[in-house]
Amino acid sequence: MRFSTSFIYVAIIAFTATVEATVVKFYTERNCNSASQEFRVGCNTCIDPPGDWFAAQVSDIGPNQRVSMHNQDRCTSASQVGQWFGPVCGAAGRTALRSVWVSCNQGKMYVIL
């Protein structure tokens, strides 16, 4: 029984480390060449830096994590202008980007005891 409990703690710690590793960068140009702002965040998070941005890059996430970019603050569903799964660099169209949402893994996590 002690081994199972230890395994669960290790699985939780590994999952937490993965969640906290998401990197979101914002750019003042319509490309992902030189970041102006960088954030390290957990999942199910809206990153909403002040100002207008013309590209955003999300890295260090899994292929089952959804990313959405928005042209208004607070990541509202009405302001969504793009959606992807996994790492992405998205450039703004006619309107600037204002916020980015990073979800948790959309897949299932199994713990075998």
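Here, each number is a calculation from the coordinates, and none is a lab measurement. This structure is a prediction, so every number in the text was calculated from the model and none was measured.
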From the phi of every residue in region 99-107, what ³J(HN,Hα) in whole Hz does the Karplus formula 6.51 cos²θ - 1.76 cosθ + 1.60 yield, where θ is phi - 60° and glycine or proline is x? 7, 9, 10, 10, 8, 7, 4, 7, x
Residues whose placed amide H lies under 5 Å from that of residue 37, excluding near-sequence neighbours: 26
